[in-house]
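First comes the structure, then the notes that go with it.
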Amino acid sequence: MGIAMNSRERIRAALIGSDLDRVPLTEIGIWPETIKRWQDEGFPKDISPHEYFDLDTIDFFSFEPSLGFKEKIISRDKYFQVYTDGDGCTYKMFLKRPGSPLLLKSAVTKPEDWEAVKGNLQPAMQRFTEFMKGIVFGEDVTENQVSRYIKSKDKDSFSVIVPVEPCWYYLRLLGEEEALMTIAENPDFAGIIIEEYNNFTLEMLKLIFSQGYTFDALWVFSDLCYKNGMLFSPQFFKEKVFPHQKKLFDLGKENGLKIIYHSDGYIDEFLPLIIPAGIDCIQPLEVRAGNDAPGYLEKYPDTISFMGNINMDVFTTTKEEIEYEVKSKMLSMKDSHRYIFHSDHSVPDSVSLENYGFAIETAKEHAGY
């Protein structure tokens with residue numbers, strides 16, 4: 001294709017397998033610790049990674065998804081912080097190293113707990129207009145979301161709305177261990193939370209769309225797999241999760257949105273279950289978990305698009321190995337017109353500025369048509 005495309009046009013085309021000027025190149029998960037390392041290595045402090053590396057831009061928008069409890073810090077020292085979140089759950093997190101916070105106590109452990117708090121899930125435009133957090137290359141932003149939305153419409157960025165996927169909300173609310181035990185022992189209770197939270201999400205999205213807000217895609221982050229496969233049985237997914245995900249995705253499609261699905265872990269068993277729900281793209285395709293994007297492309301040709309599968313473990317090795325990783329994936333995927341270059345999860349602080357920059361230059365060398 002001879003005509004140069006902007007980020008929005010390029011990513012939209014890659015989600016339907018249309019003609020492209022080049023493979024889209026993007027990154028949404030650069031750790032703050034990585035940015036700090038890169039700055040120590042010469043990365044300028046007054047420019048964003050997508051500007052510095054000339055990556056395709058994606059603007060993220062969301063809404064306040066919680067039960068509305070007041071967030072508060074319970075204790076803090078030089079190593080840890082203990083706090084409660086908007087769902088009333090208590091967490092402990094490291095202050096000086098990356099990692100997910102540890103759930104200490106959930107606000108919901110039994111049906112009567114959920115009955116007592118679910119009424120807090122009231123749709124309101126303030127949940128969108130006053131939402132201050134955003135996901136921009138792994139960093140929180142504090143600019144008013146409406147202001148960011150207006151600026152996004154004046155740019156050529158690809159824009160997405162990010163609701164909390166209902167099963168992922170359930171897993172986080174109860175804590176993964178308790179949630180999976182409940183699926184085994186009381187699947188109906190798990191299904192009730194998933195259904196009722198999804199109903200809240202549907203009403204929030206309808207409200208946002210009714211006010212004239214438009215986006216290019218609906219993107220859900222929902223880690224329903226781990227390194228060996230799905231977290232629970234396909235039967236539970238089909239009966240208690242799929243119907244509500246499909247309602248969510250159908251609403252997005254009715255409003256002209258493409259559907260992008262994020263799941264960590266090994267997704268081979270999961271893909272044939274989630275594709276019928278209506279997804280257009282799967283991300284990030286972790287290599288360490290065994291995912292092979294070129295193999296999935298052969299298995300599901302002209303069905304969905306693929307974002308990621310660039311092995312970040314290789315980015316800590318030699319330039320020869322980095323070149324092989326990037327070039328081989330690019331050349332095996334690009335002819336489908338359904339591939340978006342991205343890390344296989346995120347960019348950790350073990351990756352140097354020099355190596356990441358070399359990888360991007362290699363990708364650009366082989367991205368064109």
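The table for this structure:
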{"item": "Among (i) 40, 30, 18; (ii) 35, 27, 17; (iii) 32, 24, 22, the entry derived from the coordinates for semi-axes √(5λ) of the Cα gyration tensor in Å", "result": "(iii)"}
{"item": "Estimated distance in nm for a label pair at THR316 and GLU203, the labels positioned 7 Å out from Cα along Cα-to-Cβ", "result": "4.7"}
{"item": "Within the chain, percent of DSSP bridges classed antiparallel, to nearest 5", "result": "40"}
{"item": "Which of SER210, PRO276, ILE161, positive extreme of dipole for the chain (C-beta unit charges)", "result": "SER210"}
{"item": "Inter-part distance where segment 300-369 and segment 179-226 are each reduced to a Cα centre, Å", "result": "31"}
{"item": "Extension reserve of the ASP19-THR109 stretch, reckoned as 0.36 nm per residue once the Cα distance is removed", "result": "27.4 nm"}
{"item": "Under Karplus coefficients 6.51, -1.76 and 1.60, residue-wise ³J(HN,Hα) of segment 262-268 in Hz, glycine/proline x", "result": "9, 8, 6, x, 8, 10, 4"}
{"item": "Model label zone, ASP40; criterion: amide N under 17 Å from point 7 Å along Cα-to-beta-carbon; scope segment 309-332", "result": "316"}
{"item": "FRET efficiency, 1/(1 + (r/R0)^6) with R0 25 Å, evaluated for ARG288 and LYS92 via beta carbons", "result": "0.45"}
{"item": "GNM flexibility winner over the chain from ARG148, ARG76, ARG338 (Cα, springs under 10 Å)", "result": "ARG76"}
{"item": "Fewest-first ranking of VAL220, VAL117, VAL241, using other Cβ atoms within 10 Å as the exposure measure", "result": "VAL117, VAL220, VAL241"}
{"item": "Label point distance in nm, ALA184-GLU298, each placed 7 Å from Cα along Cα→Cβ", "result": "3.7"}
{"item": "Over segment 194-300, relative contact order from alpha-carbon pairs under 8 Å, at least 6 apart, %", "result": "31"}
{"item": "Neighbour-count order for SER305, SER328, fewest beta carbons within 10 angstrom listed first", "result": "SER328, SER305"}
{"item": "Segment MET132-GLN81, length gained on full extension (0.36 nm per residue, minus Cα span)", "result": "16.2 nm"}
{"item": "Within segment 88-117, backbone nitrogen closer than 16 Å to the virtual label 7 Å beyond the Cα of LYS70 toward Cβ", "result": "88-89"}
{"item": "Gain upon complete extension [ASN120, GLU143; 0.36 nm per residue less C-alpha separation]", "result": "5.7 nm"}
{"item": "MRE, 222 nm, helices only [DSSP H, n ≥ 4, -39500 (n - 2.57), over the chain, to nearest 500]", "result": "-11000 deg cm²/dmol"}
{"item": "Relative contact order (%) - the chain, alpha-carbon pairs under 8 angstrom, separation at least six", "result": "20"}
{"item": "Nearest-ten-degree value, helix 353-367 long axis tilted from longest Cα axis of the chain", "result": "70"}
{"item": "Amide H within-cut-off set for ILE259, under 5 Å, with H built and near neighbours excluded", "result": "LEU218, ASP280, CYS281"}
{"item": "Per-pair calculated FRET efficiency, R0 = 41 Å: GLU354 and GLU176 via Cβ, rounded to 0.05", "result": "0.65"}
{"item": "Hits among aspartates and glutamates - C-alpha to C-alpha of LYS105 under 17 Å, sequence gap 8 or more where chains match", "result": "GLU71, ASP85, ASP87, ASP113, GLU176, GLU177, GLU178"}
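Where a number appears in this text, it was derived from the coordinates with a stated rule and is not lab data. Fair warning: this is a prediction, and the values are worked out from it, not measured in the lab. Positions of Cβ are backbone-derived with ideal geometry, glycine not excepted, and every protein chain shown enters the neighbour counts.
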